[in-house]
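Okay, structure first, notes after.
The values are calculated or read from the model by the stated rules, or taken from the named source; none is laboratory data. As the structure is a computational prediction, the values presented were derived from the model and not from experiment. As a convention, Cβ positions derive from the backbone with ideal geometry for all residues, glycine included, and neighbour counts pool all protein chains shown. The area values use the complete protein model at the heavy-atom level, side chains included, leaving out ligands, DNA and RNA. Shrake-Rupley method; radii C 1.70, N 1.55, O 1.52, S 1.80 Å.
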Amino acid sequence: MAVAIIRILNNSLTMKFIIGDVLIIIFILFITRLPQSFSTTEAIQPSLTRLDSKRSSPSVQESAAKAVLGRFLPTHLHSFHFKIVSKDVCGGQGCFLIENYDGPTENGPEILIKGTTAVEIASGLHWYIKYFCGAHVSWDKTGGVQLASVPKPGSLPLVKDSGVLIQRPVPWNYYQNVVTSSYSYVWWDWERWEKEIDWMALQGINLPLAFSGQEAIWQKVFMGFNISMEDLNDFFGGPAFLAWARMGNLHTWGGPLSKNWLKQQLVLQKKILSRMLELGMTPVLPSFSGNVPAALKTIFPTANITRLGDWNTVDSDPRWCSTYLLNPSDPLFVEIGEAFIKMQIKEYGDVTDIYNCDTFNENSPPTNDTTYISSLGAAVYKAMSNGDKDAVWLMQGWLFYSDSTFWKPPQMKALLHSVPVGKMIVLDLFADVKPIWATSSQFYGTPYVWCLLHNFGGNIEMYGTLDAISSGPVDARISKNSTMVGVGMCMEGIEQNPVVYEFMSEMAFRKEKVPVLTYTHRRYGKSVQQIKEAWAILYHTVYNCTDGIADHNIDFIVKFPDWDPSINFGSRPSKLNSMHTFRSRTRSRRFSFQERSSDLPQAHLWYSTHEVVNALKLFLAAGNDLAGSLTYRYDLVDLTRQVLSKLANQVYLDAINAFRRKDVKALNIHSQKFIQLIKDIDVLLASDDNFLLGTWLESAKLLAENPSEMRQYEWNARTQVTMWFDTTPTNQSKLHDHANKFWSGLLEGYYLPRASSYFSYLFKSLEKNESFKLVEWRKQWISFSNKWQAGLELYPVKAQGNFLTIAKALFDKYLS
């Protein structure tokens, strides 16, 4: 605290800052010494009550729920009656009730669904069509909905006795990761957002992150501190990289942001918030974490602003990295943070009390002194509460795992207890694999949300931890002295592995494990024995990873190793090793080929490939029964891709071993097989609209309002899924392929030329009996990549070919 006071005096600020800071610290120390005998629910109850008071009126919410039904199941618009009820009906909790409609039903309502909010009503609708009609809901890009099993209006199944009552065991169902906005939402228009919010409502999500449009708010705030638009051009990242610019990892890369973008995204955010509020959701808005434009240091020369170090650039290039962080101990931090909260309220209205801030995720405090850490936490909260007196700080808890050498119990307690009880909520971000609540005495009494992280980089890979998802939230909630107040889904990218998100979203309403027996029937609209047997295999293999390794897809087709195979992989120089390392807003979150020690690269494999090949065989056998199903098409294409990509990993290693033996003939056989696998998988993916590069690129261009924006947005879109960050003529980006995708067009147009050129250099090495020219290959490949990133060639946006015929042919070719 003495350090903070000295800074204040040095800044020649008025005594009111000193008095205010001293009082808030005294208050915090008093609060942290209060007995912790009351329940977590009691601690957050004032916030829950205030948030309930902010909700839209019952009539608005009932209309919003009816509109969801109209978009989702328009044929049954008059088959359901919706009604908002008080929490008193549900024992003080959020809930939905499903009853038979008591009244005339001819051409009218058959089923009555009551809920405490429109989200609960939509969740009740989803529950009814799932468990009474055998229907299924997933994202359009993962096969969409299966509604063929829903009986016609007038024939809906009745519920038994007095109906169905489902209560939330915990108040909140949180959704999104701070980088999902870049990996998945970046090119969305309102039409796509409307579908997503409908999906959220059906899944029971009531606490979604709402990060769109914040750059327009920051522009208005920073201009009040004499920051020009030119200064902000150096501060903001490009559209596809905004998540990392917001976190202070990078600046300028992919930018600047046009006035059109700023205006467009602000308008979009207002529509998003309006719809969320109509449905009774509580949006989580951003707050100030300390990331500031470089110009602020010039305007406020005595402010405690630190220039951060490199973040994953090739040569510590200051054009893109080394951003500026305003220390929370500086009074200017509170001033800017307060201005940002108030500007959001001015633009959006009083829509929430919950704000996300992750100041310490990438940047540990300069000292482990607990009093100092407490004062920093208090300052962060003060910036929020000065702008919104009822503010609640929502913080990712990943730092306690990723930087555990710093965040020991005393430091964790100092930060977690630096705000009044009930005013901080922690996201146990990786609880599906590395739960922190179990090793931190329930975050030392702080309310937390049990979260599924699951996906990194928006990669496409069949992967899951279904047993952990079914048991983890239940075990956490019933554990001794539990402080769990919610469940959440925090994937970096969406629209993959629909079974994982169906299971996880249902945990918001489950007090026990989710039943798995009926999933296949609902997913495809009928019971097919081969499919049931196939899913039994997938459930115990692909979807029950227990090795604790974060699944960042490093299959060699999409993340091709950048190395000299004549050198043992584990013994390469450290600079080369770092090229496969990524830290997204966290310390030490590493996803490298070295997750398993070997002298060869190792892709992540946690199951028996033989068993999964058998599952694919069973899937193909069901083709005659399910050929017309879009959910079956997606799953078959994805499973075939999964099996062939794992085969390609082994073929790649066979080629490398042939090179090491100097066996030219074997190298030719295996390298050609690898190349052919890329071509064949591309053809497979082209048979489903949901695996196309073209749709990603076209969605980017459709947001542009002039040719210049169109070129910029397409470059952003191409770069994010390939090289990601900066290069030099002889060094790929350290983040290359971090956001890799199995998309048709990307395989043929990008991954194929890379593998082909690499293998050609291996052949030259053997033919000329000389060392592998790694640097020469890099020069050629990086030049190709940079040209491709700036390219304008068109890729298909419609599926081509018969998916079932192609999948069967590839099975016969490679696996029979």
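The table below gives the values:
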{"item": "Protein accessible area in the chain, 1.4 Å probe - carbon and sulfur %", "result": "54 percent"}
{"item": "Sites ASP625 and LEU517, calculated FRET efficiency, Cβ-Cβ separation with R0 22 Å, nearest 0.05", "result": "0.70"}
{"item": "Hydrodynamic radius by Kirkwood, which averages 1/r over all alpha carbon pairs of the stretch 494-558, in angstrom", "result": "13.9 Å"}
{"item": "Additional length obtainable on full extension of the chain from THR41 to ILE478, 0.36 nm per residue less Cα span", "result": "156.0 nm"}
{"item": "Estimated inter-spin distance, ASP390 and ASN769, nm [label 7 Å along Cα→Cβ]", "result": "8.2 nm"}
{"item": "Compactness index (Cα Rg / 2.2 N^0.38 Å), the stretch 131-223", "result": "1.50"}
{"item": "Scaled radius of gyration (Cα, divided by 2.2 N^0.38 Å) that the stretch 173-332 gives", "result": "1.10"}
{"item": "Rg to Rh quotient for the stretch 261-342, alpha carbon positions, Kirkwood Rh", "result": "1.10"}
{"item": "In the stretch 76-116, GluC sites (Glu not before Pro) in a DSSP loop with at most 16 other beta-carbon atoms within 10 Å", "result": "GLU106"}
{"item": "Highest to lowest packing among 83-90, 739-746, 461-468, scored as the average C-beta count within 10 Å", "result": "739-746, 461-468, 83-90"}
{"item": "Label-to-label distance, nm, for residues given as PHE784 and GLU191 (7 Å Cα→Cβ offset)", "result": "3.6 nm"}
{"item": "Relative contact order computed over the chain (Cα-Cα under 8 Å; 6+ residues apart), in percent", "result": "12 percent"}
{"item": "Farthest positive-ward along the stretch 366-515 dipole, Cα basis, beta-carbon charges - from ASN455, VAL392, THR371", "result": "THR371"}
{"item": "Distance (nanometres) between label positions extended 7 Å along Cα→Cβ at ARG50 and PHE406", "result": "2.9 nm"}
{"item": "Scattering curve values for the stretch 618-704, log₁₀ I(q)/I(0), Debye with Cα scatterers, q = 0.14, 0.15 Å⁻¹", "result": "-0.67, -0.72"}
{"item": "Segment LEU702-GLN529, length gained on full extension (0.36 nm per residue, minus Cα span)", "result": "57.9 nm"}
{"item": "Accessible surface, the stretch 332-441, averaged per residue in Å² (probe 1.4 Å)", "result": "29 Å²"}
{"item": "Low-density loop positions, trypsin sites (Lys or Arg not before Pro), the stretch 442-539 - DSSP coil, at most 10 other Cβ in 10 Å", "result": "LYS480"}
{"item": "Trypsin sites (Lys or Arg not before Pro) within the stretch 627-666, DSSP loop, no more than 16 other Cβ atoms inside 10 Å", "result": "ARG661, LYS662"}
{"item": "Reference-scaled alpha-carbon Rg (2.2 N^0.38 Å with N residues) for the chain", "result": "0.96"}
{"item": "Estimated FRET transfer efficiency (GLN800, THR306; beta-carbon r; R0 56 Å; 0.05)", "result": "0.60"}
{"item": "FRET efficiency estimate (nearest 0.05) - Cβ-Cβ, SER228 to ASP599, R0 56 angstrom", "result": "0.55"}
{"item": "Anisotropy class of the stretch 676-816 from Cα gyration tensor, a/c 1.5 cut", "result": "oblate"}
{"item": "Mean Cα-pair separation over length for the stretch 599-744, i.e. relative contact order, pairs under 8 Å, 6 or more apart, %", "result": "17 percent"}
{"item": "Karplus (6.51, -1.76, 1.60) ³J(HN,Hα), θ = phi - 60°, over the stretch 188-203, in Hz, Gly and Pro reported as x", "result": "6, 9, 5, 4, 6, 5, 4, 5, 5, 5, 4, 4, 4, 4, 4, 8"}
